[in-house]
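To start, the structure itself, in structure tokens.
The values are calculated or read from the model by the stated rules, or taken from the named source; none is laboratory data. In this text the structure is predicted, and so the values were computed from the model without any measurement. For neighbour counting, all protein chains shown are included, and Cβ atoms are generated from backbone atoms with ideal geometry for every residue, glycine included. Ligands, DNA and RNA are stripped out before the accessible areas are found, and what is left, the full protein with its side chains, is counted by its heavy atoms. Shrake-Rupley method; radii C 1.70, N 1.55, O 1.52, S 1.80 Å.
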Amino acid sequence: QVRLVESGGRLVQAGGSLRLSCAASGRTLRTYAVGWFRQAPGKEREFVAAIDWSGDSTYYTDPLKGRFTITRDNALNTVYLQLNSLKPEDTADYYCALRPFRATMKSNDYLYWGQGTQVTVSL
């Protein structure tokens, strides 16, 4: 069974940056695509970014393109989400999830989920 642990979330001022990590144990990430999703209070979970198993293809929700960057280090069994120029509306719990090989933007396509890490952006 694979276990995912997100980390890196914290309180940050608007305009700041964070790097979130998604560390996997119990299984190698090499054959999995990884997606990041977020859920703000009172809102539905939404897609943020995803990366294919090889790292060659990445996907972003349009509003976040240019501010967020997803990368992976298969040697460390970890995927990262760099968040730049943070805004209060980026406040949410951020989750990583796995599915085999190809990334999609649909949360229902993902098989394994972490418990989330909280990002709070203040004015």
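Scanning segment 11-39 for residues that are open to solvent by 30 Å² or more (accessible area, probe 1.4 Å), assigned to a strand (DSSP E or B) and among the small types (Gly, Ala, Ser) returns Ala23, Ser25. Taking the listed residues Gly42, Gly8, the one that is free of Cβ contacts under 8 Å to residues at least 24 places away in the same chain, on the phi > 0 side of the Ramachandran plot and open to solvent by 20 Å² or more (accessible area, probe 1.4 Å) is Gly42, with no other qualifying.
Taken together, the residues in segment 90-102 that are more than 12 Å from the chain's Cα centre (by Cα), crowded, with 17+ Cβ neighbours inside 10 Å and either in a strand (DSSP E or B) or among the hydrophobic types (A, V, I, L, M, F, W, C) (or both) amount to 1.
Applying the criterion of being at pLDDT 95 or above and crowded, with 17+ Cβ neighbours inside 10 Å to the residues of segment 59-68, the residue that is farthest from Gly15 (Cα to Cα) is Tyr59. Return a yes/no flag: does segment 53-67 have any residue that is more than 20 Å from Asn108 (Cα to Cα), out of contact with any strand residue (DSSP E or B) (no Cβ under 6 Å at 6 or more places or on another chain) and part of a strand (DSSP E or B). Yes, segment 53-67 contains at least one residue that is more than 20 Å from Asn108 (Cα to Cα), out of contact with any strand residue (DSSP E or B) (no Cβ under 6 Å at 6 or more places or on another chain) and part of a strand (DSSP E or B).
Residues in segment 108-123 that are crowded, with 17+ Cβ neighbours inside 10 Å and not in a strand (DSSP E or B): Tyr110, Gly114, Gly116.
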